[in-house]
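Below you'll find the structure, written out as structure tokens, and then a few comments.
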């Protein structure tokens with residue numbers, strides 16, 4: 001059996017995996033790693049429990065944050081929280097604005113199977129007005145060179161939701 005082909009770009013490795021099931025990736029330091037296609041499947045039943053409203057909201061093009069019910073605290077989280085991390089009180093759902101700004105960001109050169117077709121892709125920590133925490137989302141519809149801290153962005157929603165965090169991403173304000 002012949003040794004698998006060697007590539008210096010991971011996209012080429014991905015293409016080769018689709019053809020032969022194996023390839024060698026040579027990194028910038030000359031280290032060669034064998035990469036194989038080894039698909040597996042798992043059937044997983046998951047309940048979002050008290051976070052269900054957040055994911056149902058995404059399907060309705062809404063961003064729901066969690067606000068502390070303690071009037072003396074009233075901290076607003078940009079992500080689901082059942083209890084306030086500041087004072088421990090229960091939280092209630094609050095609709096967040098769809099516009100925010102990039103607080104920080106990174107470009108992912110590798111990703112899980114769900115994101116291979118988008119690789120490289122950008123992730124951003126986004127600040128939404130009034131929220132005291134950040135939300136991690138994919139940043140689409142702009143190139144790496146166009147992204148900067150403070151970039152105005154707005155939430156976009158999947159037209160056919162899967163009830164997962166990938167149902168929302170941000171793009172430049174139109």
Tell me which residues, restricted to region 25-42, are touching a helix residue (DSSP H, G or I) at 6+ places or on another chain (Cβ under 8 Å) and closer than 11 Å to residue 4 by Cα. 25, 35, 36
Output for Cβ contacts, cut-off 7 Å, separation at least six or different chains, first residue on the phi > 0 side of the Ramachandran plot in region 123-140, second surrounded by fewer than 16 Cβ atoms within 10 Å (Cβ to Cβ), reads none
Using the structure shown, decide if residue 53 is touching a residue at least 24 places away in the same chain (Cβ under 8 Å) and either part of a loop (DSSP other than H, G, I, E, B) or surrounded by 13 or more Cβ atoms within 10 Å (Cβ to Cβ) (or both). yes
Residue check for residue 93: touching a residue at least 12 places away in the same chain (Cβ under 8 Å), out of contact with any helix residue (DSSP H, G or I) (no Cβ under 6 Å at 6 or more places or on another chain) and either in a loop (DSSP other than H, G, I, E, B) or outside the structural domain of residue 16 (by TED's automatic domain parsing) (or both): no
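Of all residues in region 60-90, count the ones that are part of a loop (DSSP other than H, G, I, E, B), touching a residue at least 40 places away in the same chain (Cβ under 8 Å) and over 20 Å from residue 163 (Cβ atoms).
If we filter region 60-90 for residues that are part of a loop (DSSP other than H, G, I, E, B), which is where we start, we get 60-63, 69-75, 78-82, 84-89.
Okay, now just the ones that are also touching a residue at least 40 places away in the same chain (Cβ under 8 Å), so 61, 63, 75, 78-79.
Filter again for over 20 Å from residue 163 (Cβ atoms), leaving 75.
Summing the residues that are part of a loop (DSSP other than H, G, I, E, B), touching a residue at least 40 places away in the same chain (Cβ under 8 Å) and over 20 Å from residue 163 (Cβ atoms) in region 60-90 gives 1.
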Quick one: count up the residues across region 10-50 that are closer than 17 Å to residue 109 by Cβ and either in the same structural domain as residue 118 (by TED's automatic domain parsing) or surrounded by 10 or more Cβ atoms within 10 Å (Cβ to Cβ) (or both). 13
Listed by first then second residue, the pairs whose first member lies in region 141-166 and is exposed (fewer than 14 other Cβ atoms within 10 Å of the Cβ), whose partner is in a loop (DSSP other than H, G, I, E, B), with beta carbons under 7 Å and at least 6 positions apart or on separate chains, are 152/173
Taking region 68-79 and the residues there that are touching a strand residue (DSSP E or B) at 6+ places or on another chain (Cβ under 6 Å) and surrounded by 15 or more Cβ atoms within 10 Å (Cβ to Cβ), the one that is modelled with the lowest pLDDT would be 79
Looking at 107, 166, can you tell me which residue is in a strand (DSSP E or B) and in contact with a strand residue (DSSP E or B) (Cβ under 8 Å, 6 or more places away or on another chain)? 107
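The values are calculated or read from the model by the stated rules, or taken from the named source; none is laboratory data. From a predicted model like this one, the values you see are computed outputs, not experimental measurements. Note: ideal-geometry Cβ built from the backbone for every residue, glycine included; neighbour counts use all protein chains shown.
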